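Below is one structure, written out as structure tokens; the observations come after it.
Values quoted throughout were computed directly from the atomic coordinates according to the rules given, and no laboratory measurement underlies them. The model shown is predicted, which means the values in this text are computed figures rather than measured ones. A quick note on method: Cβ atoms are made from the backbone with ideal geometry, for glycine too, and the neighbour counts reach across all protein chains shown.
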Amino acid sequence: MTKRYNDYFGDFGGRYVAEVLRAPLDELEDAFLDAMDDPSFHDEFDEIASTFVGRPTPMLYAKNSSKEIGGAQIFVKLEGLANTGAHKINNAVGQILLAKRMGKRRIIAETGAGQHGVATAAVCAKMGFECTVYMGEIDITRQKPNVFWMELFGATVAPVGSGQKTLKDAVNEALRDWASSFADTHYIIGSALGPSPYPDMVREFQSVVGREARAQIEEMITARDLNLEALVACVGGGSNAIGFFEPFLETKAPRLIGVEAGGRGPEPGNHAARMKGLGRTGIVQGYKSLFLLDPDGQVQDTHSVSAGLDYPGIGPQLAALGVAGRIEFARATDSEALDALQFFAKNEGVVFALESAHGAAEAIRLARELPPTSAIVVNMSGRGDKDLFITAKQLDKERWQEFLAREAAE
Amino acid sequence: MSRIMAHLVTHYPDADRSRAVAQGLIDGGASYLEIQFPFSDPTADGPAIQKACQDALDTGFSVDEGFSFVRNVASDIRESGREIPIFVMTYASLIFARGVERFLADGVDAGATGFILPDIPIDYDEGVWDAATRVGATIMPVTVTTAARARLDLILERSPKYAYIALRRGITGVKTQLDSKMLAVLDRFRDAGTRVMAGFGITEADQVRALEQHVHAVVVGSALVRTVTDCAADDHETIRAAVAARLKALLPET
Ligand SMILES: Cc1ncc(COP(=O)(O)O)c(C=O)c1O
């Protein structure tokens, strides 16, 4: 097992925040370490995981897809079947239990795709916390259904009109709120990034995905006499990937592959891929890692069809493991992700979230290169329901717009 | 005597007219200038300054131009016949991208006395303090009145010449109420021989007067930026006069 609290991962990580945020981060570090050693904390987490989140999530053998590709056997961890539709809820549950231990009464969060916001709003509804979710104005437009769900759960969705009006700007706004509210407020960050102890903490809460997947896949490959070749996950900030990979970080096999958003192509502003030479080492939003920066250190614009991958930084542990070579990185473009989404929908009856579909695209590519005796597991970190308005517009524009026009006229 | 460290964002509202802002601050009686280099993600700033930074970036600000600006303002200060030290305020990303030592050296070369770096804490300093010693720059550490005693001690151990102390828990730009706990923190630094620069949310001459005996200088930021915002469409001379008037109104009559 990897160490619970690292602060730094190689050159990356740290706690680069204004002094005002030291007090809540120090408090959080103490609460986190204390909880990790407390069996009753884990019991409560497990109880909520099984009765509310829907754990364990299934592992699907994508038999038809594997057959059609004719290479490696593909397995899909159906994490998107968790309550609220994505892995994000694991972290939200863990952190709200910490908030309870710290005696906070109010929760703030940032969200991009809206999945983390929905998960946070849901656990706040369940646990009786007041909740404000910061969300970029552009993300509010492209992920409207999730805004509706958050409000249904009783959360306030606060639009962020600064900067690029997407995820990174929502993080800035949440940090600003926290700087003046931490006495009674906990900030539930949505990915394995930000100042320490967040990257360590989010990994710990998401590692439940990896532990389940390992047990499930071991049984399934033994039954089929397969060799586990690789684990594949999409990488926005990196929380689903680091949680999925966690049980394997200190072993040499299987290969661990993170898939970033290739967007429309490798030119600046058209993608959100920070690894493989596109990112620079920098310090942004409280942590040191690889970011998409211009030569002056200004954060560059990013693009991805999936709001959840549309972020200029990568979690420090993934960056460090990428530099060290334990984790490989690949990219999938917007259109490759959409193709993969259709492929698995037709063959398996599951719809990947657009974020997760980036991982699916890489799994298809990789399966082609491998023999049928190999197994690949891809993490479907989320299900695609939330993306209906984007996917339908991309894949069936005319009929979808007719439908919307009819609805609007009613 | 009251002193004010007046804050401005270079290239806001644009390169030329931010020079007018600096000149207005010199005319208005600033004792120190804090020149902020805009960063795309200024998490420690409130809405007024954040918006100003965004607009400054939209005018095409570059770090090289920022240093040229400092050079020009330093020459305006010399011309005024007054002594007004310049501190460059910015975020870690800009320093780190240029290289810590090079950034500090370029600033000193342009005429800056020192640097204010809110997201480079003393125990994650990226070599900033050592580099500052090598290039002859002064680091003005930033802290807050609500910081734990051990955190304040960490700064006091360095016996800094200056310390920038935020008077409230939150980010800049919301009105501050002074209380005895805040003042006790200021006095601790003052008694240790550090020149205390305190601010965050200062909008009135009364607040400046209340702080006077506890600090070396009062920091005024958002209030001045809002003045610039109000005359962002005006010409050089109008901006210069408006900024000077706003600053004078904050300084108690002498
Ligand atoms: C379904 C899904 N997958 C992945 C991500 C990306 O985040 P991370 O890299 O932290 O898993 C998101 C973010 O919103 C998401 O909603």
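Rank B:Thr194, B:Gly136, B:Thr113 by how far each Cα sits towards the positive end of the charge dipole of segment B:62-200 (+1 on Lys, Arg Cβ; -1 on Asp, Glu Cβ) and give me just the farthest. Working it through, the farthest residue towards the positive pole turns out to be B:Thr194. Paramagnetic label reach from B:Ser68 (point 7 Å along Cα→Cβ; backbone nitrogen cut-off under 18 Å): within segment B:91-116, residues B:106-112.
Across chain B, Cα pairs under 8 Å and at least six residues apart give a relative contact order of 25 percent. Only the Cβ atoms of Lys and Arg (+1) and of Asp and Glu (-1) were treated as charged; on that basis the dipole of the protein assembly as shown about its Cα centre amounts to roughly 340 debye. For segment A:218-324, the dipole from Cβ point charges (+1 on Lys and Arg, -1 on Asp and Glu) about the Cα centre works out to 200 debye, to the nearest 20.
Across A:Leu152, A:Leu231, A:Leu28, mean-square fluctuation computed from a Gaussian network of chain A (C-alpha pairs under 10 Å connected) peaks at A:Leu152. Relative to one another, the C-alpha centroids of segment B:177-247 and segment A:351-377 are positioned 58 Å apart. In this structure, the residue pairs whose Cα-Cα separation is over 25 Å, taken from A:Lys276/B:Lys51; A:Lys3/A:Lys252; A:Lys168/A:Lys276; A:Lys165/A:Lys393; A:Lys126/A:Lys346, are A:Lys276/B:Lys51; A:Lys126/A:Lys346. Modelled spin-label separation between B:Glu204 and A:Lys397, with each label point placed 7 Å from Cα along the Cα-to-Cβ direction: 5.8 nm.
Note on B:130-138: average number of Cβ atoms from other chains within 10 Å of each residue's Cβ is 0. Shielding value for B:55-61 is 1, the average number of Cβ atoms from other chains within 10 Å of each residue's Cβ.
Between B:Ala245 and A:Ser180, the simple spin-label model (points 7 angstrom out along Cα→Cβ) gives 2.8 nm. Out of A:Phe344, A:Ala319, A:Ser66, whose Cα points farthest toward the positive end of the dipole of chain A (charges: +1 Lys, Arg; -1 Asp, Glu; placed on Cβ)? In chain A, that residue is A:Ser66. Amide H contacts under 5 Å for A:Leu228: A:Ala375, restricted to partners 5 or more places along the chain or on a different chain, H placed in the peptide plane at 1.01 Å from N. Among the GluC sites (Glu not before Pro) in segment B:41-88, those located in a DSSP loop and surrounded by at most 11 other Cβ atoms within 10 Å of their own Cβ are B:Glu83. Remark: chain B carries a charge dipole of roughly 720 debye about the Cα centre, counting +1 on each Lys and Arg Cβ and -1 on each Asp and Glu Cβ. Protection proxy ranking for A:168-175, A:237-244, A:326-333, A:252-259, using the average of other Cβ atoms within 10 Å per residue and placing the highest first: A:237-244, A:168-175, A:326-333, A:252-259.
Summary of the geometry: segment A:58-90 and segment B:9-30, compared by the centres of their Cα atoms, lie 59 Å apart.
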